[in-house]
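Note sheet for the following structure.
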Amino acid sequence: MNFAELIGYAGSVVILVSLLMKSLVKLRWINLAGSLLFSLYGLIIKAWPVFGINAIIVGIDAWFLVQMVRCRDYFELSPLAEIGQEYFKKFFLYHENDIHAFFPDARFEQLVGTETYMLFRNMLPVGFLALRLDGEEARIVADYVIPAYRDFKIGVFVYDIKRMYFKQKGIKRFVAESGLAVHQRYLRRNGFRPDASRPELFVKAL
């Protein structure tokens, strides 16, 4: 197998991986990388149609990524009391399997008894935050965002932009417990730090 063939196979694998992405941003980035490899492959073997088509795809992916970066999203956090339990129940049941992949113990009846907020992005319901309050501490029962919007922007909105909102409610720290590596990365990205004695416990001071 020569160098050109390696580039071609690598491009095929990368494009295949891009189609598995649930996040549109990740899909665009990975697809761009795969098309770039295919463009290089076409250039090396002088297959100009292969080079041209994939170069155009690279440009299209780059254009969409620029638009995504420039787009100013509108976020909102609404208490369950304002939204209504029936609406939240439909949202929860529709996404129940995915919710349980991250929060296996989360049940609708349990969440109704917590301090629960629906999360909106550009007026679309994209997730929810459920807290159990204990004095100045808010323990996170569930912090869920649907797959297409897992780009950390909701986390920045909740834990940074809205921090004064929670401080005014008397909350001084968030506490989350997770054994999932992907969720732990999300927590770290949003300023949570692992507890020295319990590595699965993460704390963020407000």
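Every number in this text was worked out from the coordinates using simple rules, so none of it is lab data. All values derive from a computational prediction rather than experimental measurement. Cβ: placed from backbone, ideal geometry, glycine included. Neighbour counts: every protein chain shown.
Going from the fewest other Cβ atoms within 10 Å to the most, the residues Val126, Val156 appear in the order Val156, Val126. If the segment from Arg72 to Arg185 were pulled out straight at 0.36 nm per residue, it would be longer than the present Cα-Cα gap by 38.2 nm.
Shown for the chain are the DSSP H helices of 15 Å or more along their axis, judged by Cα atoms, with a mean Kyte-Doolittle hydropathy of at least 0.0: 3-18, 24-45, 48-70. Projecting the alpha carbon convex hull of the chain along each direction and taking the average yields 14.5 nm².
Across the chain, how many lysine pairs, 8 or more apart or on two chains, come within less than 15 Å at their alpha-carbon atoms?
Number of lysine pairs found: 6.
Positive-end ranking of Val175, Ala148, Tyr165 along the dipole of segment 124-206, with charges on Cβ about the Cα centre, is headed by Tyr165. In units of the compact-protein estimate 2.2 N^0.38 Å, segment 1-70 shows a Cα radius of gyration of 1.12. Backbone amide hydrogens, once placed in the peptide plane, bring Leu206 within less than 5 Å of Arg173, Phe174, excluding anything fewer than 5 places away on its chain.
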